[in-house]
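Heads up, the thing below is written out as structure tokens.
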Amino acid sequence: MQSTMQDAPLLISDIIRHGEWLYADKKIMTVTPDGVEYATFYEVSKRAERLAAALEALGVKRGDRVATFMWNNQTHLEAYIAVPCMGAVLHTLNIRLFPEQLAYIIRHAEDKFIIVDNSLVPLLAKVRDQIPSVKTIIVHGPDETGLLGDTIDYETLIEDQEPGYEWPVLDERSAAIMCYTSGTTGNPKGVVYSHRSTWLHSMASTSANSIGLCEKDRCLLIVPMFHVNAWGAAYTAFLAGTELIMPQMFLQGEPIVKMIRELRPTISLGVPTIWNDVLRAAQLDDEVDFSSLRALLAGGAAVPRVMIEAFRDKYGLDMIQGWGMTETSPLAAVSLPPAGSAPERDIEYRVKAGRVVAGVEVRITDEDGTVLERDGVTVGEFEIRGPWITGSYFGVEDDEKFRDGWLRTGDIGTLDQEGFMVISDRTKDVIKSGGEWISSVELESTMMAHPAVFEAAVIAVPDEKWQERPLCCVVLRPGESATPEELRAFLAARVAKWWLPERWTFIDAVPKTSVGKFDKKVLRAQYHEGELDVIELRP
Ligand code: ADP
């Protein structure tokens with residue numbers, strides 16, 4: 001029997017129309033070197049219509065890839081709206097990739113058009129002669145460098161067009177946006193989101209059981225718009241009436257603390273590395289004011305307990321941990337303490353990766369694919385599925401990443417009766433010592449609780465007796481000192497004895513990936529090249 005419900009396709013243009021219609025006066029705020037630029041949802045939406053008309057006049061057709069090479073700013077949001085709503089595919093390029101990777105991705109995606117911020121022209125110019133698919137480059141902001149050859153000025157382009165472009169009715173399953181993984185553990189792979197998946201993901205982000213973005217929120221969007229669509233927040237903003245603060249290149253602790261004080265966001269999204277820097281800067285700022293914030297959302301990497309405690313104890317601020325991947329749009333799990341749980345157990349929940357949001361299913365499996373117990377003890381690989389989880393990669397076969405319709409995440413950990421996921425490692429980072437796993441994530445989180453430690457990353461190194469043992473790479477806070485013996489004694493009181501690293505090294509900074517996560521691939525290479533000064537303690 002057929003249902004009697006209407007079944008109009010779920011299109012991004014509906015999200016935009018809704019935002020423009022209901023929240024016309026809500027603001028998008030872009031931080032610039034000369035102050036803050038304000039635009040309303042209505043204005044942004046109208047400019048996006050003019051951009052779509054201009055792109056069409058330039059020859060953009062359905063399914064064409066239009067890339068962006070931009071900071072988080074209003075113009076980037078205009079492209080976020082215009083490109084998918086007109087039926088083309090928005091490809092958000094990561095501005096921090098090495099030139100070879102960037103050129104590879106542009107060629108692989110067959111991008112035809114690129115919109116670039118003027119400040120990023122020199123970076124894009126490095127690959128201009130390696131990207132033959134790109135026919136037209138549009139520059140936002142004045143650019144007299146000539147580095148990219150013939151380009152079109154963004155403002156001139158849209159100035160010639162009228163608003164009122166009619167968003168076409170598309171197949172909800174058609175491609176809307178594409179993102180490549182940041183390649184932490186291999187070559188970047190493309191994931192293509194549909195209108196439907198984006199719609200459902202945006203709805204999920206408004207649920208109070210997840211991050212609950214709503215009309216009362218003003219969101220400081222630190223996570224780059226090229227890192228999994230800024231975790232979907234740009235589209236959710238139009239759906240929910242959430243205002244956005246776009247920080248562009250001002251991503252260090254000091255300007256962020258100032259932005260929070262002056263622009264008063266209620267929530268902010270970023271990776272833990274950013275929040276560590278914000279904590280550092282806040283301690284040096286006499287006027288710090290976090291009173292506008294209801295929460296900080298941290299994801300993309302495990303959030304150390306000490307960071308959650310510091311924001312809570314010093315500023316009365318909740319951190320919410322989210323878990324996800326490029327492959328999952330990314331919001332898949334959120335860690336909120338369950339209703340009715342004892343307040344003193346709050347932190348026990350917040351340090352976990354989270355519980356799946358409605359629409360996403362999770363299980364853990366062993367190497368053969370046998371589904372394991374959800375008992376909070378048995379360790380396996382997380383597999384997930386759902387309408388905003390990718391079913392394949394763009395243009396590459398990678399059957400190993402999928403099993404019976406589930407995505408194999410490559411994340412290792414436990415799942416408990418309450419549904420909480422705890423991540424102990426990624427498959428590529430695990431430390432297998434004498435046949436047993438040591439969690440690098442937990443060692444790092446514990447080490448960072450030491451007052452002299454700013455950052456700590458733990459990697460596996462070969463060991464004659466145990467096959468692998470942990471090497472602890474420590475960054476000390478400025479002016480602080482600590483010996484490996486002291487640090488090991490600190491760990492000894494908190495983790496199993498056989499986990500305690502014998503090998504230690506002090507480094508100036510943990511190398512970071514293009515999206516600001518610890519880059520263990522680089523640390524491993526440095527170790528194997530003999531570039532790290534390793535101190536070995538007796539076991
Ligand atoms: P890349 O795979 O290139 O690092 P992604 O941003 O897609 O790029 O990273 C996804 C990975 O980030 C996950 O597979 C997981 O290992 C890690 N991750 C994300 N959120 C968390 C979290 N809350 N705790 C631990 N790890 C996380």
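The values are calculated or read from the model by the stated rules, or taken from the named source; none is laboratory data. This structure is a prediction, so every number in the text was calculated from the model and none was measured. Heads up, the Cβs are rebuilt from the backbone with ideal geometry, glycines too, and the neighbour counts pull from every protein chain shown. To get the accessible areas, we keep the full protein, side chains included, count just its heavy atoms, and leave off ligands, DNA and RNA. Shrake-Rupley method; radii C 1.70, N 1.55, O 1.52, S 1.80 Å.
Quick notes on this structure:
- Where strands (runs of 3 or more DSSP E) fall wholly inside region 360-465, the ranges with 1 or more residues that are assigned by TED's automatic domain parsing to the domain that holds Thr483 and surrounded by fewer than 13 Cβ atoms within 10 Å (Cβ to Cβ) are 436-438, 453-463.
- Residue-level check: of (1) open to solvent by less than 50 Å² (accessible area, probe 1.4 Å); (2) modelled with pLDDT of 95 or more; (3) not in a strand (DSSP E or B), Tyr527 misses just (1).
- Met225, sole failed condition from (1) more than 16 Å from the ligand (Cβ to nearest atom); (2) under 14 Å from the mean Cα position of the chain (by Cα): (1)
- Among the residues making up region 312-328, those that are within 10 Å of the ligand (Cβ to nearest atom) and assigned to a loop (DSSP other than H, G, I, E, B) are Gly324, Met325.
- In region 26-36, the residues that are touching a residue at least 12 places away in the same chain (Cβ under 8 Å) and over 19 Å from Ile81 (Cα atoms): Val31, Thr32, Val36
- Out of Leu279, Leu293, one residue alone is within 27 Å of Asn229 (Cα to Cα) and out of contact with any Asp or Glu (no Cβ under 9 Å at 6 or more places or on another chain). It is Leu279.
- Criterion violated by Glu344 - all others in (1) acidic (Asp, Glu); (2) open to solvent by 60 Å² or more (accessible area, probe 1.4 Å); (3) within 13 Å of the ligand (Cβ to nearest atom) satisfied: (3)
- For region 481-539, the tally of residues that are more than 16 Å from the ligand (Cβ to nearest atom) and either aliphatic (A, V, I, L, M) or on the phi > 0 side of the Ramachandran plot (or both) stands at 17.
- Filtered residue count, region 513-524, keeping only those that are open to solvent by 50 Å² or more (accessible area, probe 1.4 Å) and touching a strand residue (DSSP E or B) at 6+ places or on another chain (Cβ under 7 Å): 1
- The residues on offer are Ser133, Ser182, Ser174, Ser119, and the sole one that is out of contact with any His (no Cβ under 6 Å at 6 or more places or on another chain) and within 16 Å of the ligand (Cβ to nearest atom) is Ser182.
- The sole residue among Ala282, Ala295, Ala301, Ala234 that is within 16 Å of the ligand (Cβ to nearest atom) and open to solvent by less than 10 Å² (accessible area, probe 1.4 Å) is Ala295.
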